[in-house]
Amino acid sequence: MAVERTIRHIKALATGAKYMLGGHRLTLMYPDDVQEFPDGYRGMIEYDWNTCIKCGLCAMVCPADAMKMYVSKEESEEGKRPVRRPGINYTRCIFCGFCVDICPTNSLKFTKVHDVAFYTFEEQIFPPEKFREGVPKPQYDKKPRRVRAILDERRGIRYEPVE
Amino acid sequence: MQDLLSLIFEPYVFVPLIFPGITVAFLLLLVIIWLERKMAAKVQLRYGPLYVLKPLGGAIQMVADLLRYLFQEPIIPKTVDKLAFILTPALLFGMAYLPTVAIPVSPTFYAFRSDLSLLIVLALSTLAPIFTVVMGWASNNKFSLIGGVREGYIVVSYEIPMFLSALSMAVLYGSLDLVDIAEAQKGLWGIFLNPVAAITMLVLMYMSTSKFPFEIPEAESEIVAGAYTEYSGILYGLVMGASYVKLYVLSLVFSILFLGGWNPVPGFMANDPLLPGVLLFIKAFIIIVIGAFLRAVYPRFRIDQAMDLGWKTLLPLSIISIFISLAEVMIMGGA
């Protein structure tokens with residue numbers, strides 16, 4: 001029993017030493033390396049102002065109450081009746097994609113941008129007028145290296161540069 | 001100026017102030033905490049501290065942390081026992097590094113030589129845990145109190161076997177003088193003569209300085225930071241540093257007892273303290289690095305498991321190590 005335990009301790013230490021000397025790391029060095037995402041990636045959502053039929057299904061299906069219908073002022077005054085359009089709140093959004101799936105005219109689309117980082121709380125709320133302008137492009141100090149994550153049987157994850 | 005320089009290189013000033021005293025202990029703190037985080041990161045396939053001086057892999061991260069500790073406001077809660085709360089970190093750190101005064105650097109270079117220097121080091125090193133217990137009481141906080149009591153539990157289970165295994169080497173060499181003990185290992189190192197004592201002492205050293213898997217008094221996921229919960233700013237910096245300094249002191253003792261101290265050092269260099277000091281430091285540093293590496297491998301023991309290990313496994317082993325020493329003395333007729 002005691003011998004068995006000792007052997008286990010030695011095995012644990014050996015495993016730790018193996019990893020320490022192995023020199024492989026899974027970290028993505030984010031601002032220097034930026035990951036290229038695969039097709040079908042669920043990033044921030046794009047809104048097509050012209051094809052939207054204002055049905056409100058996206059707001060209804062949203063499980064996190066991130067998508068809401070806002071009264072669009074100009075259009076309401078033009079048409080003499082309230083017109084509602086969807087806006088999104090990224091503090092609540094869980095990127096489940098229900099709104100994109102349910103949209104009958106495909107006015108909502110996923111982009112591959114997932115840099116959901118803002119300075120203020122208010123910036124994270126996208127009312128329809130801001131929502132139509134598309135997703136904010138992330139800013140980098142210098143041009144980042146684009147990499148793609150490859151699943152490697154031996155090493156877990158590897159990052160390969162993409163042209 | 002000349003006088004000042006020669007005064008600094010006098011052994012009784014150099015040993016407590018430079019090596020193995022406060023200066024080297026402080027520099028070691030800056031290096032070892034960075035190294036500990038870096039090694040844990042490598043085992044877990046991460047980078048660890050990186051962005052403070054990136055070309056050297058974040059090597060001066062701890063300097064940045066020290067500056068932060070220095071300029072952070074030390075918050076003293078209203079309900080604490082103020083005198084005990086403020087004084088204990090300084091006393092803890094001071095007591096942790098105090099034993100260095102009795103550690104010799106070379107056969108001829110020491111602050112003072114005593115027949116009982118091993119006992120002095122061991123006795124002084126037992127004073128530090130008292131302040132952890134006091135700290136737990138003074139903070140007036142349930143987590144601190146639990147941490148302090150845990151420290152008390154751990155102390156009783158590591159101290160006796162650790163001293164027995166250290167003293168078994170004194171039995172083997174027939175001396176309590178660290179200089180004599182190191183000089184007796186010119187040929188064969190103590191770790192080969194009495195490996196049981198060496199392993200016991202190594203494990204108990206890590207236990208006494210709250211290294212993983214014995215990080216029980218400050219178990220972060222259970223009791224916030226144990227006795228250190230209420231501390232902030234430079235006071236926290238001191239209490240965090242104290243356990244590393246204690247590990248450094250015990251590693252020096254371990255190197256002298258089991259790894260031959262400054263041996264092997266060529267005869268003509270023995271009077272110059274430089275090479276023996278460097279050798280002694282390298283050995284101690286390796287022991288500390290192993291202790292830091294354990295953090296990456298082990299989870300934490302429960303307190304009953306640690307006490308079980310101390311009382312049921314390591315205490316018998318340390319008693320066995322004394323008998324091994326006695327048997328070797330009888331067979332070889334004294335080393």
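Compare each residue of segment A:1-49 in its chain alone against the assembly with all protein chains, and report those whose accessible area goes down by 50 Å² or more; 1.4 Å probe, heavy atoms. Buried on complex formation: A:HIS9, A:LEU13, A:TYR19, A:MET20, A:ARG25, A:MET29.
Give, rounded to the nearest 20 debye, the magnitude of the charge dipole that the protein assembly as shown has about its Cα centre when Lys and Arg contribute +1 at Cβ and Asp and Glu contribute -1 at Cβ.
In total the dipole reaches around 1260 debye.
Global dimensions of segment B:76-332 from alpha-carbon coordinates: Rg and Dmax equal 18.7, 64 Å. Ordered by solvent-accessible area of protein heavy atoms (1.4 Å probe), largest first, the residues A:ARG146, B:ARG300, B:ARG68 come out as B:ARG68, A:ARG146, B:ARG300. The phi torsions of segment B:27-35, fed into the Karplus equation with coefficients 6.51, -1.76 and 1.60 and a -60° offset, translate into couplings of 4, 4, 4, 4, 7, 6, 5, 4, 5 Hz, rounded to whole numbers, with Gly and Pro shown as x. Once backbone amide H atoms are built at 1.01 Å from N, A:ARG146 has A:VAL34, A:VAL162 as its partners under 5 Å, excluding neighbours fewer than 5 places away on the same chain.
Mean-square fluctuations from a GNM of chain A, with a 10 angstrom spring cutoff on Cα atoms, peak among A:TYR41, A:TYR19, A:TYR90 at A:TYR19. Between A:MET67 and A:ASN89, the built amide H atoms are under 5 Å apart, and every one of these is 5 or more places off in sequence or on another chain.
For segment B:30-100, the Kirkwood radius over C-alpha pairs fed into Stokes-Einstein at 20 °C and 1.002 mPa s yields D = 146 µm² per second. Averaged over its residues, segment B:76-332 has an accessible area of 39 Å² per residue, based on protein heavy atoms and a 1.4 Å probe.
Protein-only accessible surface at a 1.4 angstrom probe places the residues A:ARG145, A:ARG81 in the order A:ARG81, A:ARG145, largest first. Solvent exposure of A:PHE37, expressed as accessible area, is near 50 Å², computed with a probe of 1.4 Å over the protein chains only.
Could you sort B:VAL63, A:VAL162 by accessible area so the largest value comes first, with the probe set to 1.4 Å? Walk me through the intermediate numbers first.
Details: B:VAL63 60, A:VAL162 35 Å².
The residues order as B:VAL63, A:VAL162, largest area first.
Largest GNM mean-square fluctuation across B:VAL249, B:VAL24, B:VAL239, computed for chain B with C-alpha springs under 10 Å, falls on B:VAL24. Other residues within the sphere of radius under 14 Å centred on the Cβ of B:VAL133, judged by their own Cβ, net out at -3 (K and R +1, D and E -1).
Rounded to the nearest 20, the Cβ-based charge dipole of chain B about its Cα centre (Lys and Arg +1, Asp and Glu -1) stands at 900 debye. Given a cut-off of under 8 Å on Cα pairs at least six residues apart, what relative contact order in percent is computed for segment B:76-332? Dividing the mean separation by the residue count of segment B:76-332 yields 28 percent.
Which net charge results for the neighbourhood of B:TYR248, defined as the other residues with beta-carbon distances under 14 angstrom from its beta-carbon, given Lys and Arg at +1 and Asp and Glu at -1? Can you show the working numbers first?
Numbers: positive: B:LYS211, B:LYS246, B:LYS283; negative: B:GLU36.
With Lys, Arg at +1 and Asp, Glu at -1, the neighbours total +2.
Check each of the trypsin sites (Lys or Arg not before Pro) in segment A:71-137 and keep only those in coil by DSSP with at most 12 other C-beta atoms within 10 angstrom; list them in order.
On the way: sites: A:LYS73, A:LYS80, A:ARG84, A:ARG92, A:LYS109, A:LYS112, A:LYS130, A:ARG132; in loops: A:LYS80, A:ARG92, A:LYS112, A:ARG132.
Qualifying residues, ordered by number: A:LYS80.
What a 1.4 Å probe finds exposed on chain B is 73% carbon and sulfur by accessible area, rounded to a whole percent.
Using θ = phi - 60° in the Karplus curve 6.51 cos²θ - 1.76 cosθ + 1.60, the 3J(HN,Hα) couplings for segment A:85-101 round to 10, x, x, 10, 10, 6, 6, 9, 4, 10, 6, 7, x, 4, 5, 5, 5 Hz; x is entered for Gly and Pro. In the protein assembly as shown the Cα-Cα distances spread across 20 Å bins starting at 0 as 18, 40, 26, 13, 3, 0 percent of all pairs. Considering only A:THR120, A:ALA149, A:CYS93, the residue lying farthest towards the positive end of the dipole of segment A:26-163 is A:CYS93, judged by Cα position with unit charges set on Cβ. Can you pull the percent of Cα pairs in segment B:207-277 with separation above 18 Å? Here the long-distance tail beyond 18 Å is 56 percent of all Cα pairs in segment B:207-277. Derived scalar couplings between HN and Hα for segment B:102-115 equal 8, 8, x, 9, 8, x, 10, 10, 7, 5, 8, 10, 9, 5 Hz in order, rounded to whole Hz, by the Karplus curve 6.51 cos²θ - 1.76 cosθ + 1.60 (θ = phi - 60°), x for Gly and Pro.
Net charge around B:ALA184, counting only other residues with Cβ within less than 14 Å of its Cβ (Lys, Arg = +1; Asp, Glu = -1)?
Working: positive: B:LYS186; negative: B:ASP177, B:ASP180, B:GLU183, B:GLU328.
Net charge in that neighbourhood comes out at -3.
Averaging Cα coordinates gives a centre for segment B:1-21 and one for segment B:219-263; these two points are 25 Å apart.
Summary value for chain A: 29 percent relative contact order, contacts being C-alpha pairs under 8 angstrom separated by 6+ residues.
With unit charges on the beta carbon (Lys/Arg positive, Asp/Glu negative), name the residue among B:SER321, A:ILE53, B:VAL297 whose Cα is farthest towards the positive pole of the charge dipole of the protein assembly as shown. Positive-end residue among those listed: A:ILE53. Exposure check, 1.4 Å probe, all protein chains in place: A:ASP101 carries approximately 130 Å² of accessible surface. Helical runs assigned H by DSSP (4 residues or longer) give the protein assembly as shown a calculated mean residue ellipticity at 222 nm of -16500 deg cm²/dmol, each run adding -39500 (n - 2.57) before division by the residue total. Between B and A, roughly 1500 Å² of accessible area is buried in total, ligands, DNA and RNA not counted and the probe set to 1.4 Å.
The values are calculated or read from the model by the stated rules, or taken from the named source; none is laboratory data. Here the structure is a predicted model, which means the values were calculated and not measured. In this analysis, Cβ positions are derived from the backbone assuming ideal geometry, glycine residues included, and neighbour counts consider all displayed protein chains. Surface accessibility is based on the protein's heavy atoms, side chains included, excluding ligands, DNA and RNA. Shrake-Rupley method; radii C 1.70, N 1.55, O 1.52, S 1.80 Å.
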